[in-house]
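Participant: Input: one structure, supplied below.
Here, each number is a calculation from the coordinates, and none is a lab measurement. Only a predicted model underlies this, so the values are computations on that prediction, with no experimental measurement involved. Positions of Cβ are generated from backbone atoms using ideal geometry, with glycine treated the same way; all protein chains shown enter the neighbour counts.
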């Protein structure tokens with residue numbers, strides 16, 4: 001499967017002054033643009049020969065109107081040659097490798113042959129600057145060569161060593177040009193330059209092309225004033241100086257003035273090409289803003305390449321702030337009515353939908369409330385003419401509609417749309433949802449789909465795209481739908497699942513055994529999709545009671561068998577399974593939760609064992625339904641008891657504060673003891689470490705252990721009744737470490753994994769004695785966030801906190817660029833139907849995708865077959 | 001006098017072997033490719049030199065794989081282009 005055309009070679013050349021003149025339609029000599037009547041000056045920068053931008057005028061070159069004339073180049077004859085900044089490297093190289101007298105290569109034919117080989121056996125190499133030794137004598141004319149100095153941006157000079165003194169002698173562009181002119185064609189070929197298309201003297205400009213006005217249009221401001229493009233401003237500068245230069249030259253001005261003017265002309269031409277060259281102050285606008293000249297138009301993110309050519313803007317898209325709505329399904333997206341009225345879907349009229357379409361046309365371009373049927377914005381006739389629907393023509397247009405016409409109707413509930421959040425780092429960043437038209441001004445989404453988009457609601461905005469063809473809608477529905485993307489190809493597990501309150505809620509619902517009356521069970525389950533309740537587990541005094549496990553079980557599919565340990569599992573040495581004290585041993589038999597607590601491990605995003613199992617056994621659709629039911633059930637369950645966290649939730653009793661104080665005091669004394677041992681020289685260093693390092697490690701260890709002990713004390717006191725503990729244990733948010741820091745002790749602050757050592761001489765802060773190695777002098781915070789930090793502790797905390805911020809800032813930019821490069825390299829590879837990974841040219845990269853041909857999305861956390869899960873679901877016990 | 005190092009004996013170096021013309025024929029027909037679609041290996045690679053493969057030969061590499069246990073790959077020996 002060869003590509004239809006292959007590129008054999010690409011030739012890069014320079015434009016010669018001759019070519020500049022041939023392509024020019026007009027010599028430009030005046031720096032002015034428009035006269036008082038607003039008419040372009042002939043031979044000025046806006047000359048009518050260069051193309052027209054004002055409507056009504058005709059181009060003098062091609063006689064076309066403003067909209068058709070592509071524009072034509074003009075030229076400026078420079079008074080003296082100037083260097084083109086883009087070629088300074090090449091000029092430097094050529095000056096260094098050629099003789100200052102005869103301009104031949106500074107190598108004898110034998111030396112050249114050594115590098116590039118003979119005619120029959122060429123090495124493919126070209127000569128480089130390194131092949132020529134410094135300050136040698138020319139092998140052709142015997143002239144002693146001088147060192148060529150190059151000073152950015154455009155100054156070249158020769159260094160002459162005279163009696164030990166160095167004398168720099170400047171080379172004018174004219175000098176350089178005459179040297180370059182003399183380099184023989186044959187020598188250039190050895191240097192990898194094709195003299196037919198790129199004579200080196202063309203890098204020194206004698207003529208400057210003036211780009212057509214179409215690429216530097218002037219704009220008319222509101223007050224009627226004309227504002228010229230940056231390029232025009234720069235060209236005005238060049239022509240002014242050029243003119244003055246010429247006059248001075250003709251008048252026979254002194255050499256000094258000529259040189260100054262020459263340099264000024266060089267500066268203007270340099271900044272005209274590139275206004276960000278090193279060693280050259282950028283040319284500025286009157287307001288102080290640097291001018292955007294030629295190179296700036298091409299470079300960078302908003303430049304011609306990345307911004308205009310590869311950058312894409314699209315129609316049929318909307319963007320607004322997102323906010324959560326737990327009552328929506330995960331496959332839905334809430335869309336403001338205002339957006340739904342603006343966005344449209346083309347529908348072709350046919351005999352069986354024509355009445356519906358006529359009704360839509362009659363409804364007109366704005367739907368007043370959610371309850372009104374959807375309308376339409378445009379009607380397209382078979383001849384592609386668009387008729388805008390507006391108040392007044394609705395009935396006339398609607399009556400005209402016949403099969404073959406197209407109606408652009410509004411969005412309505414159930415339409416399929418693409419939803420996206422930047423940065424689009426993986427495929428789940430764009431998923432298709434079903435429309436739900438809503439009041440308000442934000443996009444609404446179920447919080448369970450936040451993880452794949454990495455979205456939160458602190459002001460995030462998202463984009464929406466409406467597929468316009470049947471094919472696009474089919475692809476969106478079959479490939480891009482939310483339920484098809486529950487599994488992440490990144491790790492072969494569900495990326496959509498319960499988050500935060502879903503996990504807290506379902507944990508509170510299922511932990512241990514609770515009994516609910518009919519009223520409570522119905523409250524919990526009324527927003528789910530289930531249709532009937534299971535029989536009650538017991539009846540006390542004529543009151544029917546259901547267990548909490550029953551309430552959860554109704555949303556599980558029938559026949560589901562699973563055994564696993566929950567997030568709250570403490571990893572005891574010997575597992576006592578169903579008799580677990582923490583109720584962490586989860587058993588689901590035949591779709592019935594027997595024991596165990598449902599938490600992050602079971603339904604969480606990224607973990608979601610139950611979701612994973614349902615996908616394997618019952619498919620994507622059932623899993624999406626389960627997630628919908630689960631989120632709704634857990635939200636109800638968290639509301640049943642209520643859930644909050646406040647400052648007094650971190651309160652401990654006097655006993656605990658006493659214990660924590662003891663632990664910390666003990667640790668501080670322990671540290672002091674170890675320091676004393678070290679200072680007495682009694683410390684036994686650990687293998688491969690100095691005594692200092694050993695001491696530091698011991699101190700870190702002692703203090704770390706002390707902090708953990710305070711956490712244990714606090715955790716023991718608070719227990720599952722505390723919201724923070726509940727969230728940490730269930731995996732909803734935060735960890736026991738966070739709780740330790742709030743209630744117990746913040747602990748050691750570190751910079752690069754070590755205690756804080758920086759600051760003044762031999763001490764971190766003036767509050768401490770010089771040479772103090774104690775715990776509080778090096779960033780150990782023995783207070784808790786609740787208790788409050790003292791001044792030195794606060795400062796150390798800021799030091800440690802800053803390191804974390806810098807780390808994340810550096811990491812995101814680095815990994816972003818890394819990923820960009822990787823995507824650029826891999827974007828065109830695809831897995832062919834025979835399982836090979838191939839380039840677009842059919843060349844093989846891998847003979848089997850991933851060497852085992854496994855689709856990571858369909859794998860189970862990387863394994864091709866979920867053996868453990870299958871065996872467990874059959875045996876109904878953990879293996 | 002030093003004994004010549006055989007890179008193939010190193011644990012990190014996968015097995016290389018020259019494929020017979022017949023094997024290459026089946027390889028090309030199973031993947032419906034020509035030699036230009038194969039991954040390349042330079043003629044002066046240590047492993048290629050040891051097994052004595054010449055430019056135009058196809059080398060089979062058998063390496064242990066994290067995902068598949070053992071994975072085979074086929075590479076065409078080409079002359080290293082001059083810099």
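Participant: Compute the helix-to-body angle for A:609-618: its Cα long axis versus the longest principal axis of chain A, expressed 0 to 90° and rounded to tens.
Facilitator: With rounding to tens, the tilt is 90 degrees.
Participant: On to the next question. Which peptide among A:211-222, A:339-350 comes first, and what is the full order, when sorted by highest mean count of other Cβ atoms within 10 Å? Show your work: numbers first, answer last.
Facilitator: Numbers: A:211-222: 15.9, A:339-350: 18.1.
The most tightly packed comes first, giving A:339-350, A:211-222.
Participant: Between residue A:130 and residue A:391, what length comes free when the chain is fully extended (0.36 nm per residue of separation minus the Cα-Cα distance, one decimal in nm)?
Facilitator: Full-extension gain reported as 86.1 nm.
Participant: Additional query: With a 10 Å Cβ neighbour count serving as the proxy for reagent exposure, in which order, fewest first, do B:11, B:24 appear?
Facilitator: On the way: B:11 6, B:24 19.
Listing B:11, B:24 from fewest to most nearby Cβ atoms yields B:11, B:24.
Participant: If you don't mind, there's one more thing I want to ask. Output the relative contact order of chain A, whole-number percent, from Cα pairs under 8 angstrom with separation of 6+ residues. Mind dumping the intermediate values first?
Facilitator: On the way: 1464 pairs, mean separation 70.1, N = 879.
Computed over chain A, the figure is 8 percent.
Participant: Multiply the residue gap between residue A:644 and residue A:327 by 0.36 nm, knock off their C-alpha separation, and tell me the result in nm, one decimal place. Walk me through the numbers before you get to the answer.
Facilitator: Values: separation 317, 0.36 × 317 = 114.12 nm, distance 2.10 nm.
Difference between extended and current length: 112.0 nm.
Participant: So what is the relative contact order for region A:365-482, in percent, with contacts set as C-alpha pairs under 8 Å and at least six apart? If you can, show how the numbers build up before the last one.
Facilitator: On the way: 151 pairs, mean separation 27.5, N = 118.
The normalised contact order for region A:365-482 reaches 23 percent.
Participant: Next question. Calculate the spin-label point distance for residue A:693 paired with residue A:522, positioning each point 7 Å from the Cα along the beta-carbon direction, and give it in nanometres.
Facilitator: 7.1
Participant: Efficiency by 1/(1 + (r/R0)^6): what FRET value for residue A:870 and residue A:491, r their Cβ-Cβ distance, R0 = 22 Å, to the nearest 0.05?
Facilitator: Rounded to the nearest 0.05, the efficiency is 0.70.
Participant: What ranking, highest mean first, results for peptides B:61-67, A:237-243 when packing means the other Cβ atoms within 10 Å averaged over each residue?
Facilitator: Most protected by this proxy first, the peptides run A:237-243, B:61-67.
Participant: Taking a label point 7 Å from the Cα of residue A:852 along the Cα→Cβ vector, which residues of region B:41-69 have an amide N closer than 13 Å to it?
Facilitator: Within reach of a label on residue A:852: B:65-69.
Participant: May I pose another question? Based on alpha-carbon positions alone, could you give the equivalent ellipsoid semi-axes of region A:204-353 from the gyration tensor, as √(5λ), descending, whole Å? Numbers along the way, then the final one.
Facilitator: Details: eigenvalues 592, 67, 45 Å².
In descending order, the three semi-axes are 54, 18, 15 Å.
Participant: Estimate the FRET efficiency between residue A:350 and residue A:240 by the formula 1/(1 + (r/R0)^6), using the beta-carbon distance for r and 51 Å for R0, to the nearest 0.05.
Facilitator: 0.15
Participant: Taking R0 as 60 Å, what FRET efficiency do you get between residue A:371 and residue A:276 from their Cβ-Cβ distance, rounded to the nearest 0.05?
Facilitator: Approximately 0.55, to the nearest 0.05.
Participant: Still on this model: How shielded is B:63-70 by partner chains, expressed as the average number of their Cβ atoms within 10 Å of its Cβ atoms?
Facilitator: Working: counts 1, 1, 4, 4, 12, 7, 2, 1.
Across B:63-70, the average partner-chain Cβ count within 10 Å equals 4.
Participant: Mind checking the mean number of beta-carbon atoms from other chains within 10 Å of the Cβ atoms in B:28-41?
Facilitator: Values: counts 0, 0, 2, 8, 5, 7, 3, 0, 4, 9, 3, 5, 1, 0.
Counting other chains' Cβ atoms within 10 Å and averaging over B:28-41 gives 3.
Participant: Still on this model: Please arrange A:572, A:99 by counting, for each residue, the other beta carbons lying within 10 Å of its beta carbon, fewest first.
Facilitator: Numbers: A:572 11, A:99 23.
The most exposed by this proxy come first: A:572, A:99.
Participant: With a cut-off of 20 Å, note down the residues of region A:303-323 whose backbone N falls inside the zone around a label point 7 Å from the Cα of residue A:439 toward its beta carbon.
Facilitator: Answer for region A:303-323: A:321-323.
Participant: On to the next question. Could you list A:462, B:19 in order of exposure, starting from the residue whose Cβ has the fewest other Cβ atoms within 10 Å? Before the final figure, lay out each step's value.
Facilitator: On the way: A:462 20, B:19 17.
Ascending Cβ contact count within 10 Å gives the list B:19, A:462.
Participant: Which angle from 0 to 90°, rounded to the nearest 10, does the C-alpha axis of helix A:691-718 make with the longest principal axis of chain A?
Facilitator: With rounding to tens, the tilt is 50 degrees.
Participant: Between residue A:769 and residue A:845, what is the spin-label point distance in nm, taking each point 7 Å from the Cα along the Cα→C-beta axis?
Facilitator: 6.5
Participant: Equivalent ellipsoid semi-axes for region A:171-262, as square roots of 5 times the alpha carbon gyration tensor eigenvalues: give them largest first, rounded to whole Å.
Facilitator: Each semi-axis is the square root of five times an eigenvalue, giving 35, 23, 8 Å.
Participant: Report the paramagnetic label zone for residue A:18: residues of region A:178-198 whose backbone N is under 13 Å from a point 7 Å from Cα along the Cα-to-Cβ axis.
Facilitator: A:196-198
Participant: Of the peptides A:104-112, A:436-444, how do they stack up when ordered by the mean number of other Cβ atoms within 10 Å, highest first?
Facilitator: Numbers: A:104-112: 16.4, A:436-444: 18.0.
Sorting A:104-112, A:436-444 by mean packing, highest first, produces A:436-444, A:104-112.
Participant: Contour minus end-to-end for residue A:594 and residue A:342, with contour as 0.36 nm per residue of separation and end-to-end as the Cα-Cα distance?
Facilitator: 85.5 nm
Participant: If contacts are Cα pairs under 8 angstrom and at least 6 residues apart, what is the relative contact order of region A:498-641 in percent?
Facilitator: On the way: 241 pairs, mean separation 51.0, N = 144.
Normalised by residue count, the contact order of region A:498-641 is 35 percent.
Participant: Could you give the nm distance between label points at residue A:6 and residue A:676, where each point is 7 Å from its Cα heading toward the beta carbon?
Facilitator: 8.3
Participant: Counting only other chains, what is the mean number of Cβ atoms within 10 angstrom of the Cβ of each residue in peptide A:831-839? Working shown, then result.
Facilitator: Values: counts 0, 2, 0, 4, 1, 4, 0, 3, 1.
Mean partner-chain Cβ count within 10 Å for A:831-839: 2.
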